[in-house]
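Any read-out appearing in this document is the output of simple, stated calculations on the displayed coordinates, not a laboratory observation. These numbers were taken from a predicted model, which means no experiment stands behind them. All Cβ positions, glycine included, derive from the backbone under ideal geometry; neighbour counts span all protein chains shown.
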Amino acid sequence: MAAHDEVFGLRAVEALLRQSPGRVESLRVQSGRVDARMQAILDQADRAGIPVTRLPRRDLDAQAGGATHQGVIARAQPVASLGEKDLPDVVMAPREGAPVLLLVLDGVTDPHNLGACLRTADAAGVTAVIAPRDRAVGLTPVVRKVACGAAESVPFIQVTNLARTLDLLKDLGVWTVGTTGEADTGLYDADLTGPTALVLGAEGKGMRRLTAERCDALVCLPMRGQVESLNVSVAAGVCLYEAVRQRG
């Protein structure tokens, strides 16, 4: 586990302060920046007793590794990472409304794509996002910023063996639905109303063979133009909101 998490960007820091103020150790904000959103963050930090340091923008740029920080960086205590052992509790936990809905990402390596997937997952009410621990991006500062707070609200479970994880989900009563352009069944013909895990592949390569073989069903998205596939975060949005639509 990392010694601390670095969270930057207005929305990501706002969400962290709102949901887990006790995790925040300190804030670094851009000197001379005075506006309503920054003041709201400073007010939250003041109420929680969080120390604030003001730094020149060039210093924040260096600490954010050149990424866009929007004038604020939070240092936070890390949360315990979730793994296979946590899946039964996550899947079987009592919940109101629709059955469990999981998003499984097979080897997404672009932090912007993972952040966008987490943001959409939060909006769609996803129970958890599952991804491999190896050869895939984790919850980096860029992911947290792009997720706009969703990295703090959607459980992110990293597993060592995705094929084994899909078998476990089946044992827990979850229907696993993979997406591939070679499928004969369209997304809109699939029943996504029960406990469901939607499985999407990595950028460019799609799902690995072993992952596809473990899915209960394979579906394709309708493609009417010349491109062969969608960006994984766009495809995740299409699939998740079809599940939302079917569940009413």
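Using Cα atoms only, what is the angle between the long axis of helix 232-246 and the major principal axis of the chain, expressed in degrees (0 to 90) to the nearest 10?
70 degrees
Round to the nearest 10 and give me the degree value, 0 to 90, for the angle of helix 36-48's Cα axis relative to the longest principal axis of the chain.
80 degrees
Could you state the per residue volume, in Å³, of the convex hull enclosing the Cα atoms of region 81-173?
87 Å³
Can you work out the base-10 log of I(q)/I(0) for region 99-227 at q = 0.09, 0.11, 0.19 1/Å, using the Debye formula on its C-alpha atoms alone?
-0.24, -0.36, -1.10
Please report, to two decimal places, log10 I(q)/I(0) for region 4-138 at q = 0.08 Å⁻¹ as given by the Debye formula with identical point scatterers on the Cα atoms and no solvent.
Log10 I(q)/I(0), no solvent term: -0.27.
Taking only the Cα atoms of the chain, how large is their convex hull per residue, in Å³?
146 Å³
Would you mind checking which residues have amide H under 5 Å from residue 130's amide H? H placed 1.01 Å from N; only 5 or more apart, or other chain.
Placed amide hydrogens put 103, 104, 105, 157 under 5 Å from residue 130.
Just the C-alpha atoms of region 31-100: what Rg/Rh do they give, with Rh taken as the Kirkwood radius?
1.18
For all pairs of alpha-carbon atoms in region 163-248, what percent lies in each bin of width 10 Å, listed from the first bin to the last filled one?
For region 163-248, the binned pair fractions read 17, 52, 28, 2 percent.
Determine the dipole magnitude for the chain: charges of +1 sit on the beta-carbon of Lys and Arg, -1 on that of Asp and Glu, nothing else is charged, the reference point is the Cα centre, and the result goes in debye to the nearest 20.
740 debye
Pairs of alpha-carbon atoms within less than 8 angstrom and 6+ residues apart define the contacts here; what relative contact order does region 30-127 have, in percent?
Once divided by the residue count of region 30-127, the mean separation gives 21 percent.
Among the GluC sites (Glu not before Pro) within region 154-222, which fall in a DSSP loop and have no more than 12 other Cβ atoms within 10 Å of their own Cβ?
Qualifying residues, ordered by number: 182.
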